[in-house]
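First up is the structure itself, then whatever we jot down about it.
The values are calculated or read from the model by the stated rules, or taken from the named source; none is laboratory data. Every value quoted in this text rests on a predicted model; they were computed, and no experiment measured them. Every residue, glycine as well, gets a Cβ built from its backbone with ideal geometry; the counts of neighbours run over all protein chains shown.
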Amino acid sequence: MTSDTVVPATTIRPRRTGAAHSARAHARLALTAAAVDGLAKVSGDRPLEELVALTAATAVVVGAAEHTDEPVVAVSGPAGPVLSGIGLAARSTVGDLVRAADSALRSAPVVTDEAALAGAVLVGSARVGAGLAARASQQDVIELRLTESGADGVRELVAEAGPDRAEAWFLEVLLRSVSRVLAGFADPHGPAAALPTAAADDEAAAVALGRRGFEPQGVTTTLTAPIEEAVRANPDRTAVVAGAESLTYREFWQAAQAVAARLHAAGIGRGHRVGVLTGKTVHAVSAITGTLLAGAAYVPLDPRSPAARLAEILDDAECAAVLAASDLLTGLPVGLTTPVIDIQAAVGGPAAEPGTDRPGPLPDDLAYVVYTSGSTGRPKGVEIRHRAIASYVHWKRRNHGLDLDTRLLQLPSLAFDSSVADLFPVLASGGRLVLADTHQLLPRQLAELAQQHRITHLTTVPSLYRVLLGELQRAAGSLRAVTVAGEATTPDLVGRHHELLPGVRLINEYGPTESSVGATAFDHGTAAGPGLPIGWPIANTVATVTGGDGRALPIGFVGELRLAGHGLADGYRNRPELTAAAFVADAGAPGGRSYRTGDLVWWRPDGMLEFTGRADDQVKIRGHRVEPGEVESVLGLLPGVRQTAVAVVSGPDGAPALAAWLEAVDTTVEEIRARANAALPPAMVPTSITLIDELPRMVSGKIDRGALVRLAETDAAPAPASAPSRTGAAGDALEVKVGAIFEEVLASGPIGPDGDFFDEGGHSLLAISVIDAIEQQLGVSIDLGDFFDTPTVREVADLIRKAKPDDQA
């Protein structure tokens, strides 16, 4: 947890992985001698003090299980059940912790409404009579009791839970953890933070889960070596298709060699970095591959990013050159001093003379540097070496069944590392890449492309797959596997996939940029199953679920995911402080270090990981990783802005969206949005921007983001139809119809002729909904690229008139 994170009090969330059933779960454990001794040390064998000590130990375990410093525990006391949060963070010793639990319970009111106990762990003791205790039939409570059994008075912990709350395996882990914490109470003066929260065997079992598929030998090759083998074996097979153009493997490789020769002629090779600014063309892949063949690392540049951000990246990466498509040259920063090489000219140039000594890449050379959002206000460059990404490519070729017959519909932007998961595994397998621009083609057109080329594989983010899935049925005859990645998927999407494409594998991949694209994977196969796990570690990865102390947590406990193995990045370019914080020393990990992802997960008993959220504010917006802190920093530098706050809210389509609130003078929302568009990539521009007299603050003085989110939810209600438009007077009949479609898709108030779809909170996926609605309601099909270029109500109405000149209404 970061120091700025406000952690709400929490109870135990359900731990369910199997089929539903009606029976209550039970578990029983005899306390170890060490646990009995520890309990006696802090309670003096007095019943009430013993119950308080058991509550303190349970609070530690609940805190570990839910990754929080403010666990909530209920206690069956003499006067009835009480419910209280018990702060753990400031308790320096075990004795302090027990006294804090005692104080919290003494001040907690008796619970008279049984429903208030829902989700709680209810602690009790056979030595303390409980009044008004929750009924044994309570379905939403985990009951944990300390009992005595037999003539010798053996102390036991007993746990029960309703079928919707937990299964027996989780109760057993819970009891073993409570027993382990009690054993740590033997030293009341010892540090509370050092209390172990997992039984030794459970900790060892969790560590083993994270290593079970790991291949310690790794892959010692470059990214280009297997591609060169594919070129030799299949020179005349088609390698890349983009629109009406295509290249065979021989042509693709000759073009890549020409790029490498051009870079070498400019003195660029190993140890250098080259920016690549390109769209989805056949020679884009040759430009990237040619950079690698020259021994340099490529730095992907997003054509949709503003010039100011490209300038930041090029400056930080210290690029020796930029390879750019001729139609994108105007998007480069004004006054750029870095040499620019036209891609079309480079691929058509001569390759190196035979016998020329041109050193290519080595496995330990950098392959690429990709920039992600940074919480400090600057993008951060993640440095990935050949051997790291080559290990992922090696795994993916096997796991996804890539071969000569593979035809992959390549959807992610080439500017993001998600494209790496497509390009190199397919080329190394001798398959075919079919490049598609999702900002130019509608779902129907993408599906037609898939059908035309008999596509077998595709990778996309769940939010795009949701709108694409219905159209993909026409390609079901050839499709073998769909991979979703970059965002959390949902049960309804998985179910719909299996309903519409029952014979097609659905693979859920997870992996931050810092672990070379992929770290875990789960194959949903061809039928739906329980839960939505992100799977288990792939062959190049070791995964550990850790608590705040960095120690491994047992199955069922939520903790931060740490990754280690062959796929780890070197760190962040020119950011030693960020590298040291994220890539930490880890004596038990391969290579002696691991990466702290900030993602919260838990091990399921079937050995798979399940994602629950983030330990910080980072969010995925349409598959792009966004740090709200960076957006705040950029907005805070704009003229007239005094203070900013950015939070994640639910967008018009229910997906995560950014909202910004600003204390500002002598400026308008329109001016701020225009400047934000000039400084930030599209995914980082807030959907809503609100000027506010004063940001709400908590007692601590920190901005109350929760209050802002609640404000956003209140403001999200559509304005009445009679409300005046903020974007011009009512237009003609056709403009009124288009405005109504905008309003319906954006769930907004009236939008006039000058209303810009994107300024009103729209984005690329919602644009597809607008175009579909226009086709259904007005019988006109307009081009997606044209919509992006002319997104106001009036301009879209003009597009409709041009497409259907005889119908002006």
### Query
Quick check: anything in region 511-520 in contact (Cβ under 8 Å) with a residue 24 or more places away in the chain, among the hydroxyl-bearing types (S, T, Y) and touching a Leu at 6+ places or on another chain (Cβ under 7 Å)?
yes
### Message
With the structure loaded, tell me whether A260 is under 29 Å from H624 (Cα atoms) and crowded, with 22+ Cβ neighbours inside 10 Å or whether it fails that test.
### Response
no
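Report, by residue number, each residue of region 535-551 that is buried (at least 24 other Cβ atoms within 10 Å of the Cβ) and hydrophobic (A, V, I, L, M, F, W, C). Can you show your working first?
Here is the first cut: in region 535-551, the ones buried (at least 24 other Cβ atoms within 10 Å of the Cβ) are 537-538, 540-545.
The answer is I538, V542, A543, V545.
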### Odd one out for S305, checked against (1) farther than 18 Å from A428 by Cα; (2) at pLDDT 95 or above
(2)
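Assess whether R106 counts as being farther than 30 Å from G550 by Cα, surrounded by fewer than 24 Cβ atoms within 10 Å (Cβ to Cβ) and modelled with pLDDT of 85 or more.
Yes: the conditions hold for R106.
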### Task
Filter the helices (runs of 4 or more DSSP H) completely within region 324-441 down to those with at least 3 residues that are over 23 Å from T459 (Cβ atoms).
343-347
### Task
Could you check, for region 611-634, whether at least one of its residues is touching a Pro at 6+ places or on another chain (Cβ under 8 Å), over 28 Å from R697 (Cα atoms), of a type outside the set (A, V, I, L, M, F, W, C) and outside any loop (DSSP other than H, G, I, E, B)?
yes
### Query
What residue, of R232, R250, is of a type outside the set (S, T, N, Q), free of Cβ contacts under 8 Å to residues at least 24 places away in the same chain, under 27 Å from W395 (Cα atoms) and touching a Pro at 6+ places or on another chain (Cβ under 7 Å)?
R250
### Query
Got at least one residue in region 655-668 being in contact (Cβ under 8 Å) with a residue 24 or more places away in the chain, surrounded by fewer than 16 Cβ atoms within 10 Å (Cβ to Cβ), among the β-branched types (V, I, T) and outside the structural domain of T68 (by TED's automatic domain parsing)?
yes
### Message
Contact list please: Cβ distance under 6 Å, first residue in region 301-324 and closer than 19 Å to Y572 by Cα and not assigned by TED's automatic domain parsing to the domain that holds G785, second residue crowded, with 20+ Cβ neighbours inside 10 Å and aromatic (F, W, Y), pairs at least six apart or on different chains.
### Response
I313/Y371
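Per-residue answers, yes or no, for (1) over 33 Å from the mean Cα position of the chain (by Cα); (2) at pLDDT below 95; (3) surrounded by fewer than 16 Cβ atoms within 10 Å (Cβ to Cβ):
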{"residue": "G190", "(1), (2), (3)": "yes, yes, yes"}
{"residue": "R212", "(1), (2), (3)": "no, yes, yes"}
{"residue": "P216", "(1), (2), (3)": "no, yes, yes"}
{"residue": "V231", "(1), (2), (3)": "yes, no, no"}
{"residue": "F252", "(1), (2), (3)": "yes, no, no"}
{"residue": "A287", "(1), (2), (3)": "no, no, no"}
### Task
Look at T220 and say whether it is part of a loop (DSSP other than H, G, I, E, B), surrounded by 17 or more Cβ atoms within 10 Å (Cβ to Cβ) and not aromatic (F, W, Y).
no
### Message
Among the residues of region 477-496, what is the count of those that are hydrophobic (A, V, I, L, M, F, W, C) and assigned to a loop (DSSP other than H, G, I, E, B)?
### Response
3
### Message
Tell me whether region 168-176 contains one or more residues that are farther than 24 Å from W536 by Cα, modelled with pLDDT of 95 or more and assigned by TED's automatic domain parsing to the domain that holds E50.
### Response
yes
### Task
Can you confirm whether region 342-360 contains a residue that is at pLDDT 95 or above, among the hydroxyl-bearing types (S, T, Y) and more than 32 Å from the chain's Cα centre (by Cα)?
no
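Specify the residue that is farthest from the chain's Cα centre (by Cα); the eligible residues are those in region 88-103 that are outside any helix (DSSP H, G or I) and surrounded by 18 or more Cβ atoms within 10 Å (Cβ to Cβ).
R91
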### Query
Is it the case that region 624-631 has a residue that's among the charged types (D, E, K, R), more than 30 Å from T460 (Cβ to Cβ) and either more than 24 Å from the chain's Cα centre (by Cα) or surrounded by 19 or more Cβ atoms within 10 Å (Cβ to Cβ) (or both)?
no
